[in-house]
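Engineer: Sending over a structure as structure tokens; questions will come in a sec.
Since every read-out is calculated from the coordinates, none of them should be taken as a lab result. All of these numbers come straight from a predicted model, not from anything done at the bench. Glycine gets a Cβ as well: all are built from the backbone with ideal geometry, and neighbour counts include every protein chain shown.
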Amino acid sequence: METEPVTILRIEGSQPKERLDRWLHTRFPQTSRGTFQRLMLGGHLEVDGRPVKPTHVPRAGQTITIRWPAPLPAEAQPEARPLEVLFEDDCLLVLNKPPAWAVHPSAGHESGTVVNALLHHCAGRLSGIGGVARPGIVHRLDKDTSGCLLVAKDDAAHLSLSGQFAARQVEKVYLAIVCGYPNPERGEVQAAIARHPTHRKRMAVTDGSGRAAWTSYRVRERLRGSALVEATLHTGRTHQLRVHLKHIGCPIVGDVTYGNRQNQRWHIDTGVTAARQMLHAWRLAFEHPRTGQRIRLEAPVPEDFRSVLEQLR
């Protein structure tokens, strides 16, 4: 029988206003609070050797033991779909995700996802830590965002890579075409992000009540009514780059969720149409979980991105 991977954490300081599931999510941001809740309820997570509830308050000196369960049989079905593989070995792979591909099955996207294709490509050999619906997925890209997507084939690799994301050791560089011209042309955006108070499917910059978020950017090229921006994510909040670029007054071209009015004006001014948000996860760099070698990869931009770029030049 395969041994369950175990993670042991020691709480250095008490957190009187924070639940244990939330505290764990801040240390493993690629693992949802719901996953930690299921681990507790299933007896896979203990504090000082005793089972606890998700509402447990972390206290200094306590020891947390997490036994990551073996993956359940995937409900998603394998599908033979072409994948552009940028790197692959026996413990991980990096894909250049096409636009319009959902990463994992969900309501309305039960098939035709990256996970469906991965189950076929890897013959089911994927990490189970992400859960039944997300086998192997270490981080996420929005459906309409293209580019580098990191996938773990075993749980040890998944834990190592998730730890690197949590420790901000993964380099994540994006290319985006934005409405207008950022001013200044090179800068930093450090603005907390939280769920939008009225539009629950959106995120928004807050007055400090959200989670800290940090983006660096620079203009690579000025275009007609637009700019090609290179942006580095130092944190990994939901929709971070889309929200931060809107925050500085330059939403991403084609992003109707964050910047619909500016996109309408941009379309009238340029005569160009973008069928989706012009956002591409261009570069990814991380430490290989087994060898420690620094892996640095770049994903070629897709045809639709190049087409909009050329029309604006």
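Engineer: Any idea what the dipole of the stretch 6-67 comes to, in debye rounded to 20, about its Cα centre with Lys/Arg Cβ at +1 and Asp/Glu Cβ at -1?
Structural biologist: In total the dipole reaches around 140 debye.
Engineer: Right, next: Of 34, 244, 113, which is farthest along the charge dipole of the chain in the positive direction, counting Lys and Arg as +1 and Asp and Glu as -1 at C-beta?
Structural biologist: The residue sitting farthest along the positive end of the dipole is 244.
Engineer: In whole Hz and in residue order, list the ³J(HN,Hα) couplings for the stretch 12-17 that follow from phi through the Karplus curve 6.51 cos²θ - 1.76 cosθ + 1.60, θ = phi - 60°; x for Gly and Pro.
Structural biologist: 3J(HN,Hα) across the stretch 12-17, in whole Hz: 7, x, 5, 10, x, 10.
Engineer: Treating the beta-carbon of each Lys and Arg as +1 and of each Asp and Glu as -1, no other charges, what is the dipole magnitude of the chain about its Cα centre, to the nearest 20 debye?
Structural biologist: Working: 42 positive and 31 negative charges, 221 e Å.
Using only the charged Cβ atoms, the result is roughly 1060 debye.
Engineer: What value, in deg cm²/dmol to 500, does the helix sum -39500 (n - 2.57) over DSSP H runs of n ≥ 4 give at 222 nm once divided by the residues of the chain?
Structural biologist: -6000 deg cm²/dmol
Engineer: Which ³J(HN,Hα) values in Hz, rounded to whole numbers, follow from the phi angles of the stretch 219-226 under the Karplus curve 6.51 cos²θ - 1.76 cosθ + 1.60, where θ = phi - 60° and Gly and Pro get x?
Structural biologist: In residue order, the calculated couplings are 7, 8, 7, 8, 10, 6, x, 8 Hz.
Engineer: How far apart, in nanometres, would the label points at residue 17 and residue 291 be if each is projected 7 angstrom from Cα along the Cα-to-Cβ direction?
Structural biologist: 4.7 nm
Engineer: Tell me, what is the FRET efficiency for residue 202 and residue 224 to the nearest 0.05, using R0 = 25 angstrom and their Cβ-Cβ distance as r? Kindly include the intermediate steps, with their values, before the conclusion.
Structural biologist: Working: r = 29 Å, r/R0 = 1.15.
With R0 = 25 Å, the Cβ-Cβ based efficiency is 0.30.
Engineer: Which residue, 212, 164, 272, has the largest displacement toward the positive end of the dipole of the chain when charges sit on each Cβ (Lys, Arg +1; Asp, Glu -1)?
Structural biologist: So the residue furthest toward the plus end is 212.
Engineer: Let me ask something else. Computed from the mean reciprocal separation of all distinct C-alpha pairs, what Kirkwood hydrodynamic radius does the chain have, in Å? Please report the intermediate quantities before stating the final value.
Structural biologist: Working: mean 1/r = 0.0482 Å⁻¹.
Evaluated on the chain, it is 20.7 Å.
Engineer: Mind checking which lysines have their Cα closer than 27 Å to the Cα of residue 53? Skip sequence neighbours fewer than 8 apart in that chain.
Structural biologist: List returned: 17.
Engineer: Something else about it: Cut-off under 20 Å on the C-alpha distance; same-chain residues fewer than 8 positions from residue 246 excluded. Which lysines are left, in chain and number order?
Structural biologist: Partners within reach: 143, 172, 201.
Engineer: Another question, if that's okay. Residue 214's amide H: which non-local residues (gap 5+, or another chain) put their own amide H closer than 5 Å, with H modeled 1.01 Å from N in plane and none for Pro or chain starts?
Structural biologist: 234, 235
Engineer: Okay, moving on. What percentage of all Cα-Cα pairs in the stretch 6-67 are separated by more than 19 Å?
Structural biologist: Looking at the stretch 6-67, the distances longer than 19 Å represent 15 percent of pairs.
Engineer: Show me, for the stretch 199-205, the HN-Hα J-couplings you get by feeding each phi into the Karplus relation (A = 6.51, B = -1.76, C = 1.60, θ = phi - 60°), rounded to Hz, glycine and proline as x.
Structural biologist: The phi angles translate into 9, 6, 8, 10, 10, 7, 5 Hz.
Engineer: Oh, and also: Can you work out D for the stretch 121-257 in µm² s⁻¹ from Stokes-Einstein, where Rh is the Kirkwood radius over C-alpha pairs, the temperature is 37 °C and the viscosity is 0.692 mPa s?
Structural biologist: Rounded to a whole number, D works out at 201 µm²/s.
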